[in-house]
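J.: Can you read through this structure? Questions will come right after.
The values are calculated or read from the model by the stated rules, or taken from the named source; none is laboratory data. Given the structure is predicted, the values throughout are model-derived calculations rather than measurements. Here the Cβ is made from the backbone with ideal geometry for all residues, glycine too, and neighbour counts use every protein chain on show.
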Amino acid sequence: MFLKNCWYVAAWDHELIDGRLLARTILEEPVLVFMGESGQPVALDNRCCHRGAPLSMGRREGDCVRCMYHGLKFDAAGKCIQIPGQDKIPAKLGVRSYPVALRNHLVWIWMGDPALADPAAIIDYPYLRDPAWKGVPDYMHYDANYLLIVDNLSDFAHLAFVHTNTLGGSEEYAYTTKPVAVERLPNGFRVERWHLDSAPPPFHAKVIRDKQAAVDRRNIGHMHLPGIFFLETLFAPAGGGAREGKLEGARQYRNCQFMTPETRRTTHFFWNYLNDFEGDDSTISRSLHASLIEGFMEDKALIEAQQKVLDDDPDFPMVAVTADAALTHFRRMLEQRIAEEQVGQTPLDTQAVRRQVA
Amino acid sequence: MFLKNCWYVAAWDHELIDGRLLARTILEEPVLVFMGESGQPVALDNRCCHRGAPLSMGRREGDCVRCMYHGLKFDAAGKCIQIPGQDKIPAKLGVRSYPVALRNHLVWIWMGDPALADPAAIIDYPYLRDPAWKGVPDYMHYDANYLLIVDNLSDFAHLAFVHTNTLGGSEEYAYTTKPVAVERLPNGFRVERWHLDSAPPPFHAKVIRDKQAAVDRRNIGHMHLPGIFFLETLFAPAGGGAREGKLEGARQYRNCQFMTPETRRTTHFFWNYLNDFEGDDSTISRSLHASLIEGFMEDKALIEAQQKVLDDDPDFPMVAVTADAALTHFRRMLEQRIAEEQVGQTPLDTQAVRRQVA
Amino acid sequence: MFLKNCWYVAAWDHELIDGRLLARTILEEPVLVFMGESGQPVALDNRCCHRGAPLSMGRREGDCVRCMYHGLKFDAAGKCIQIPGQDKIPAKLGVRSYPVALRNHLVWIWMGDPALADPAAIIDYPYLRDPAWKGVPDYMHYDANYLLIVDNLSDFAHLAFVHTNTLGGSEEYAYTTKPVAVERLPNGFRVERWHLDSAPPPFHAKVIRDKQAAVDRRNIGHMHLPGIFFLETLFAPAGGGAREGKLEGARQYRNCQFMTPETRRTTHFFWNYLNDFEGDDSTISRSLHASLIEGFMEDKALIEAQQKVLDDDPDFPMVAVTADAALTHFRRMLEQRIAEEQVGQTPLDTQAVRRQVA
């Protein structure tokens, strides 16, 4: 049901400060994520192998964690290295550990076959580590399957109706603009859309001086499997020739959104909305952060309502319209990759993995 | 499980003022009900055929509704008549529409085969439109199957125990009175019961001058399939010959209760309790309204407790007593009608209906 | 799934004062428990045989209960003895009654075959009726299977980690002490554990004069099927020879805990923690009561978290460590007894029992 052999975002690094033992369900597996004292992230099955007590209720000791029920201690690889009151520890005793890596302030986790986990395959988003780009990293929880969020992001026309007074700016956007390109990629899709000579949408108007001057707006969205979305947004003075590459006076944004399934009906949503023009005026990134939350809450209301419709009638037949080309392609790619994964490898034996850790 | 080819109450007209898009689940189907600008009620499947977003989160435009996710617009027959950014609309694209009719301030809906929907078959309750009869129309939500409410209304003996201090007046009512008639009708039942020479029950005493004088009380209840109850109540001076038709000094009430299944374990309950003697003193209908709510809450506590018993043990075997003649007959009629409906017609293909709307 | 032919605690006697009709689900059966006016406890199926209304919403009349829906009255054996408005009552009409007995301020109930219910088999705990032992009887509700509580009580090492600052006193307890004896009994187990020359744990220090003096501590735990735990605790001056029987200056406690399954994932937990040294100073038993609640809440957090782990993954494989000898034995005994019960007798026909009561 989920694509397993790929990297998902498990947490922002700032969620793990001060040794926090974070309990987070990912792909319906209970996971403990924490930063070891050495600075390396650790991810373990969040259930003590003894009686199932959550290790997140335990205590960090170095890069290890101790279950605070009967005191069993596990190292970063999940191996049990101490049982109070017992001298011999079975060599294979332990909990499953997951490959993890820290990149661009994000903790990435690999839920599939550990032998296939290659940190080099983690998708890069350099803006997250570039001091020229400022933003407020944040997290939202969705009561909806992550693909409903992917759907949402695949058609900008929803800006017109869902976000008229926040991120969109006008209903006209849906009628007068179309994607100039929908590129179907083996790993997702890329969509580009221009809106020429329009009023700046409210979220943008709030952070610029001339709130009346018309703009040419370009959105380039790039969706990657399993559910990672990058959005480049450009606002240039209307008629200044932005479409021909003349970007003088333009303002740009970089936005990343990482959707990680918690369960088949809930999602962890990590995001940041970055700008490169605020200088020392942090009110700009804070204004953008607030505007985006306002807009995301509009999405959330609709998407969670969709989820309830599907909960009540899992067979509800959706009908594709022309604008669904990107999302249809994405779902097809994903299904294909999941099917390959299930054929190409023997199903992952959790027990075996658990035993292997020693 | 439900009788489908019949009219149910979907809403009071006052629930739809100011263009409200009312989301209401009826017979486990999600329905959007609204009053078109033309004044005609409209009922549609409350799920946009595109991505399932609730149309009740959309916008009324004339007698149409626009989904505020991607902007698809549907007319009162459910046909999709606009897709922003797309020129051609498939002729059959649309959502299911339900036959509706406005009668006596009630919006009626037909959940079965639209071809069989005849507004002339809607049961009439003239007191709801007669200016001589005053009352406060109201709605309650029950966490219980509607038949448990039908059961409740079919035996007035419960007045003695559930409503001793509100609608009933004394436990004696259960011991000393019996139905003078239980008529089994093809479409329900009619029960008549007298209680002679007793103190007026609290709800009635509150709205009359002489709160001590004994009364002769007559209740005539009339239950109709699928779950519509009419109650005529008469209080006459004790010994004045009311049973022989001498009604001088009598006070009368007319009460209607419409039970519409929301799901198999929840119910929409519409009601009004009317009197014809208040003149300009609206405190009387408001007092009766408050008393009835007090009494209905007593029923609700018991009936919802029954529902929990059945949730925990769906096979709990109920044992009939003599007083259950009316409810037993009603349930038998209903089962027979449901069975006929399922045999006599090919099962309604929702998909087909959805496609047909264009 | 549950052991049925045994006595469970249904309530403390003080829960039933003033004629309270207590609704309590036991072994997934809805039970009404009350004290008849004669002083005898009564336990009946909490569903009127007529329409399933809870009898706990009814009214006590002598040793009988009247359903306050339509007024049916049931005696202490469950037999229906009155139906208002109906002269003849079918001889077998009634609700199931359960054998009950009052012992040591506890109401005991037998959920299995009534023919096997022998009050002489009720386990005695004389401290509960001995005026020399003082304590505050109490109740807690657990969102966890009762066996997880049994597990918890079977290994005192958890005192070190779960209760370091309340009932335990130090993590050392888990490392330096071991059970001197784990006795496997046909009906449960007995465990004895000493901790010599240690600081008094916080809960004990609070109620003694010399809070610094080291103590020798002995715990003797005794677990009985189906889930009844007795704990004898001794604190003697360190080095005073307590292990050799010299108990001068010692303080002792007696603690009983009764786990009764509500459902397979929830538990009724009855307990008392008694001391024999408070004299007229009731602040001591109240301090102990408060300390125990503090400690139990630590257990509850962990045990309910375990239950959630098992809810999410009922096949989660627990791995036994050396300290699990007692719990492993207990679960084996219990399974064996349940298996015997199911083979040795025809399954209890609830319907038949219900009909039999007359």
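J.: Residues to consider are A:ASP18, A:ASP63, A:ASP13; find the one that is of a type outside the set (Lys, Arg), in the same structural domain as A:GLN82 (by TED's automatic domain parsing) and modelled with pLDDT under 95.
T.: Numbers: A:ASP63 fails: modelled with pLDDT under 95; A:ASP13 fails: modelled with pLDDT under 95.
Result of the check over A:ASP18, A:ASP63, A:ASP13: A:ASP18.
J.: Something else: Can you tell me which residues in region A:102-116 are of a type outside the set (S, T, N, Q), free of Cβ contacts under 8 Å to residues at least 40 places away in the same chain and outside any strand (DSSP E or B)?
T.: Of everything in region A:102-116, just one residue is of a type outside the set (S, T, N, Q), free of Cβ contacts under 8 Å to residues at least 40 places away in the same chain and outside any strand (DSSP E or B), namely A:ALA115.
J.: Any idea which of (1) within 14 Å of chain A (Cβ to nearest Cβ); (2) assigned to a helix (DSSP H, G or I) is the one C:LEU288 doesn't satisfy?
T.: All conditions pass for C:LEU288, except number (1).
J.: Okay, next question. Where residues in region B:179-193 are touching a strand residue (DSSP E or B) at 6+ places or on another chain (Cβ under 7 Å) and surrounded by fewer than 17 Cβ atoms within 10 Å (Cβ to Cβ), which of them is farthest from B:ARG218 (Cα to Cα)?
T.: B:ASN187
J.: Starting from residues that are part of a strand (DSSP E or B) and farther than 23 Å from A:ASP311 by Cβ, keep the ones in region B:21-64 and report whichever is nearest to the other protein chains (Cβ to nearest Cβ).
T.: B:ARG59
J.: Among the listed residues B:PHE296, B:PHE330, which satisfies the condition of being in contact with a helix residue (DSSP H, G or I) (Cβ under 7 Å, 6 or more places away or on another chain), within 29 Å of B:LEU185 (Cα to Cα) and modelled with pLDDT of 95 or more?
T.: Of B:PHE296, B:PHE330, the one residue that is in contact with a helix residue (DSSP H, G or I) (Cβ under 7 Å, 6 or more places away or on another chain), within 29 Å of B:LEU185 (Cα to Cα) and modelled with pLDDT of 95 or more is B:PHE330.
J.: Got a number for residues in region C:66-101 being under 27 Å from the mean Cα position of the chain (by Cα) and either surrounded by 21 or more Cβ atoms within 10 Å (Cβ to Cβ) or in a loop (DSSP other than H, G, I, E, B) (or both)?
T.: Residues that pass the stated criteria total 9.
J.: What residue, of A:TYR273, A:TYR253, is among the aromatic types (Phe, Trp, Tyr) and under 16 Å from the mean Cα position of the chain (by Cα)? Spell out the reasoning first.
T.: On the way: A:TYR253 fails: under 16 Å from the mean Cα position of the chain (by Cα).
Being among the aromatic types (Phe, Trp, Tyr) and under 16 Å from the mean Cα position of the chain (by Cα) holds for just one of A:TYR273, A:TYR253, which is A:TYR273.
J.: Scan (1) within 14 Å of chain A (Cβ to nearest Cβ); (2) part of a loop (DSSP other than H, G, I, E, B); (3) crowded, with 17+ Cβ neighbours inside 10 Å for the single condition B:ALA144 breaks and write down its number.
T.: (1)
J.: Let me ask you something else. Examine region A:77-96 for a residue that is closer than 26 Å to C:GLU304 by Cα and more than 14 Å from chain C (Cβ to nearest Cβ), and state whether such a residue exists.
T.: Scanning region A:77-96, I find no residue that is closer than 26 Å to C:GLU304 by Cα and more than 14 Å from chain C (Cβ to nearest Cβ), so the answer is no.
J.: Another one. When you check B:GLU15 against the structure, is it under 21 Å from B:HIS141 (Cα atoms), under 27 Å from the mean Cα position of the chain (by Cα) and charged (D, E, K, R), yes or no?
T.: yes
J.: Here are the criteria: (1) more than 14 Å from every other protein chain (Cβ to nearest Cβ); (2) aliphatic (A, V, I, L, M); (3) touching a residue at least 24 places away in the same chain (Cβ under 8 Å). Tell me which single one A:ALA120 does not satisfy.
T.: All conditions pass for A:ALA120, except number (3).
J.: Sticking with this one: Would you mind stating whether A:PRO317 is in contact with a helix residue (DSSP H, G or I) (Cβ under 8 Å, 6 or more places away or on another chain), surrounded by fewer than 17 Cβ atoms within 10 Å (Cβ to Cβ) and of a type outside the set (A, V, I, L, M, F, W, C)?
T.: Here the answer is yes, as A:PRO317 does meet what is asked.
J.: When you go through C:TYR139, C:TYR127 one by one, which is the residue that is assigned to a helix (DSSP H, G or I) and either farther than 17 Å from C:ALA325 by Cα or among the charged types (D, E, K, R) (or both)? Before the answer, list the steps.
T.: Values: C:TYR139 fails: assigned to a helix (DSSP H, G or I).
Of the residues listed, the single one that is assigned to a helix (DSSP H, G or I) and either farther than 17 Å from C:ALA325 by Cα or among the charged types (D, E, K, R) (or both) is C:TYR127.
J.: Now, a different point. I'd like to verify a number: residues in region C:293-348 that are in contact with a Leu (Cβ under 7 Å, 6 or more places away or on another chain), more than 14 Å from every other protein chain (Cβ to nearest Cβ) and β-branched (Val, Ile, Thr), how many?
T.: Summing the residues that are in contact with a Leu (Cβ under 7 Å, 6 or more places away or on another chain), more than 14 Å from every other protein chain (Cβ to nearest Cβ) and β-branched (Val, Ile, Thr) in region C:293-348 gives 1.
J.: If we scan region A:210-217, do we find a residue that is among the acidic types (Asp, Glu) and either within 24 Å of the chain's Cα centre (by Cα) or at pLDDT 95 or above (or both)?
T.: Yes: one or more hits.
J.: I'd like the full set of residues that are within 11 Å of chain A (Cβ to nearest Cβ) and surrounded by fewer than 20 Cβ atoms within 10 Å (Cβ to Cβ), limited to region C:148-178.
T.: Residues satisfying the conditions are C:THR164, C:GLU171, C:GLU172, C:TYR175, C:THR176, C:LYS178.
J.: Among A:ASP118, A:ASP197, which is the only one that is in contact with an Asp or Glu (Cβ under 7 Å, 6 or more places away or on another chain), of a type outside the set (A, V, I, L, M) and surrounded by fewer than 16 Cβ atoms within 10 Å (Cβ to Cβ)? Walk me through how you get there before you give the answer.
T.: On the way: A:ASP118 fails: in contact with an Asp or Glu (Cβ under 7 Å, 6 or more places away or on another chain).
Result of the check over A:ASP118, A:ASP197: A:ASP197.
J.: If I filter region A:266-282 for residues that are of a type in the set (Ser, Thr, Tyr) and within 14 Å of another protein chain (Cβ to nearest Cβ), do I get at least one hit?
T.: The answer is yes, given that some residue of region A:266-282 is of a type in the set (Ser, Thr, Tyr) and within 14 Å of another protein chain (Cβ to nearest Cβ).
J.: Go through (1) polar (S, T, N, Q); (2) assigned by TED's automatic domain parsing to the domain that holds A:PHE235; (3) farther than 21 Å from B:MET57 by Cα and name the single condition A:GLN306 misses.
T.: Evaluating A:GLN306 over (1) polar (S, T, N, Q); (2) assigned by TED's automatic domain parsing to the domain that holds A:PHE235; (3) farther than 21 Å from B:MET57 by Cα leaves (3) as the failure.
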